[in-house]
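Participant: Quick one: structure below, then a few questions.
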Amino acid sequence: ISYTVTNGCGTVSATDIVTVNASTVAPITGTMNVCVSSTTALTDVTTGGTWSSSNTVIATVGTSGIVTGMSAGTVTIRYTVAGVPVAAIVTVNPNPSGIGGASSVCNGSSITLSDFTAAGAWTSGSGVSLSAGTSASNTVVTGSTNGTTAVTYTLPTGCSATYNVTVKALPPAILGNTSVCGLGSVTFLSDPATSVSWTASPAGVATVSPSGRVYGVSAGTATITFTGTNLCVVTTVVSVNAAVAVSPITGATNVSSGSTIALSDVTGGGTWTSSNSALGSVDGSGNVTGVGVSGTVTISYTVLYGMSNACSAVATKPITVHTPAPPAHGGSVNLTTGASVSLTEEIAGGEWNSSNTDVATVVDGLVIAIAPGVASVTHVGTSSTGAISSTITHVVVNAMPMEINVIPNPNNGTFTLRGTVGSTQDAEVTLEVTNVLGQVIYTNKVTAANGNISKTISLGNTLSNGMYMLNVQSGGNNKTVHFVIAN
């Protein structure tokens, strides 16, 4: 190696001898690409060397050749043995900018995740499904399995970002009757989960209270939404039906045992039932046959309507079944208060009398039961030959059964009591409401005009939801009706 300098004095040179040895360091091997914050392992089969980075801002290298990406760019990684280096160029690729979006989704619902870096691909675990978003850097995530699932966005360089999405459980299905039986009527819905809110849409069809009471506003369907504490929702569709009115049942009110009378109702599509088929049976056409000896049976005509026929409208008619006295032979008759029977005699005309008109009256052979008790009805007549005939019929009058209804039931503590108390005359009625512990929370005395009672009772809005008993007592009759308070 020579070094020459020329100046005014001439040319001066110096020389030295350098010996060049052949390199004995093997090439560096490994993956020459790495993502920021990730590592790649480089190796060299030549032992005893040291590793170094030309720019530790871009990448660092450890003593074992592990390269860690620090920032995007290229860097030279050297491996030096006995002063002899070999080099490799390593590219540090940037990661995606970072996934953004909601971190949770309700099972069956969807959210959108995005990353500002373009040209990536989305993948996920099995707890969610992915579908295309508005661009390649967006994806729609739909929850399918409760729990936490990783969603990953990967660039063509292999660099990726991962985002955990929690799939939240839906509340259990809404329970209850989904038909509202008439405008202004109510149905009660519930859900085993704790609610944040109940909502109804459209409000012009139905409204719903914070406890799940659905009120019909107009005929149609409404979606009822239950929101749980994790803000996931479950819905059900409620049908609000226009109330169906059933016309009164027409026909006779008495039937002899073994005989048949025909009842009818102009409202179509209904079915006939008897409260006691052992006393009086009814067929599908409304024909009532007296079966028992005496008593009163209630015949009902029911029309079903609404979704799945969940609503019903009913008309009822009490029918007295009796065994009439044989003509001209006396005997006995059993009647219920308010019922009547015609006693016939072989001798026309004559005089009819009752031994106790407070129990039963008789006019031209028509016996009318007034109140519970026993009376003797006597007929005295004179035949065409002048013979006098006297017939005595024993009339046993039984009390009418109480028919008591609480409307509506369930209710919010205010309801109307309607029905009959077993008499056709004015009667004093004692009302008493108790809770399931037997504690009396209401008592009152009212008058049932002509045996009919219609009384609105308000217990206030401070009572707990649950079952209550209304006890009705009039004369010797007692009736207990269970009802539910559900605010």
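The values are calculated or read from the model by the stated rules, or taken from the named source; none is laboratory data. Bear in mind that the values here come from a model prediction, so they are computed numbers and not experimental data. No Cβ is skipped: glycine too gets one built from the backbone with ideal geometry, and neighbour counts run over all protein chains shown. For the accessible areas, the whole protein counts, side chains as well, though only heavy atoms, and no ligand, DNA or RNA atoms are used. Shrake-Rupley method; radii C 1.70, N 1.55, O 1.52, S 1.80 Å.
Participant: (1) open to solvent by 30 Å² or more (accessible area, probe 1.4 Å); (2) within 28 Å of T152 (Cβ to Cβ); (3) assigned to a loop (DSSP other than H, G, I, E, B): which one isn't true of P96, the others all being true?
Facilitator: Condition not satisfied by P96: (1).
Participant: With the checklist (1) over 21 Å from N405 (Cβ atoms); (2) in contact with a strand residue (DSSP E or B) (Cβ under 8 Å, 6 or more places away or on another chain); (3) modelled with pLDDT of 85 or more in hand, flag the one item T273 doesn't pass.
Facilitator: (1)
Participant: Testing T187 on (1) touching a Pro at 6+ places or on another chain (Cβ under 6 Å); (2) crowded, with 19+ Cβ neighbours inside 10 Å; (3) under 21 Å from N465 (Cα atoms), one condition comes back false. Which one is that?
Facilitator: Only one criterion is unmet by T187, namely (1).
Participant: Report, by residue number, each residue of the range 42-56 that is surrounded by 14 or more Cβ atoms within 10 Å (Cβ to Cβ) and in a loop (DSSP other than H, G, I, E, B).
Facilitator: Matches in the range 42-56: D44, T46, G49, S54, N55.
Participant: Which residue is most open to solvent (accessible area, probe 1.4 Å), if the candidates are limited to the range 162-184 and must be farther than 22 Å from A310 by Cα and within 12 Å of the chain's Cα centre (by Cα)?
Facilitator: Residues of the range 162-184 farther than 22 Å from A310 by Cα: 162-172.
Okay, now just the ones that are also within 12 Å of the chain's Cα centre (by Cα), so 171-172.
Details: P171: 16, P172: 58 Å².
Top of the filtered list is P172.
To keep it simple, each residue is scored yes or no on (1) modelled with pLDDT under 95; (2) among the aliphatic types (A, V, I, L, M); (3) surrounded by fewer than 16 Cβ atoms within 10 Å (Cβ to Cβ).
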site	(1), (2), (3)
N254	yes, no, no
S257	yes, no, no
G269	yes, no, yes
L279	yes, yes, no
D283	no, no, yes
V288	yes, yes, no
V291	yes, yes, no
G295	yes, no, no
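Participant: Let me ask something else about it. With (1) closer than 22 Å to L231 by Cα; (2) in contact (Cβ under 8 Å) with a residue 40 or more places away in the chain; (3) surrounded by fewer than 19 Cβ atoms within 10 Å (Cβ to Cβ) as the list, and V105 as the residue in question, which single condition is left unmet?
Facilitator: (3)
Participant: While we're here: Return the only residue of V234, V240 being open to solvent by less than 10 Å² (accessible area, probe 1.4 Å), part of a strand (DSSP E or B) and in contact (Cβ under 8 Å) with a residue 60 or more places away in the chain.
Facilitator: V240
Participant: Also, quick follow-up: Which pairs have Cβ atoms under 6 Å, sit 6 or more apart or on different chains, and link a residue in the range 1-26 that is closer than 16 Å to V84 by Cα and part of a loop (DSSP other than H, G, I, E, B) to one that is open to solvent by 80 Å² or more (accessible area, probe 1.4 Å) and at pLDDT 70 or above?
Facilitator: Going by the 6 Å Cβ cut-off, the qualifying pairs are V18/I1; A26/V45.
Participant: Just the residues that are hydrophobic (A, V, I, L, M, F, W, C) and within 17 Å of P94 (Cβ to Cβ), please, taken from the range 108-129.
Facilitator: F116, A118, A119, A121 - these are the residues of the range 108-129 that are hydrophobic (A, V, I, L, M, F, W, C) and within 17 Å of P94 (Cβ to Cβ).
Participant: Hey, can you tell me all the residues within the range 452-487 that are among the hydrophobic types (A, V, I, L, M, F, W, C) and either surrounded by fewer than 15 Cβ atoms within 10 Å (Cβ to Cβ) or under 13 Å from T434 (Cα atoms) (or both)?
Facilitator: Of everything in the range 452-487, those that are among the hydrophobic types (A, V, I, L, M, F, W, C) and either surrounded by fewer than 15 Cβ atoms within 10 Å (Cβ to Cβ) or under 13 Å from T434 (Cα atoms) (or both) turn out to be L459, L463, M467, M469, L470, V472, V481, F483, V484, I485.
Participant: Right, next: If we keep just the residues of the range 389-415 that are open to solvent by 70 Å² or more (accessible area, probe 1.4 Å) and over 49 Å from the mean Cα position of the chain (by Cα), which is nearest to A360 (Cα to Cα)?
Facilitator: Only one residue tops the list, namely H394.
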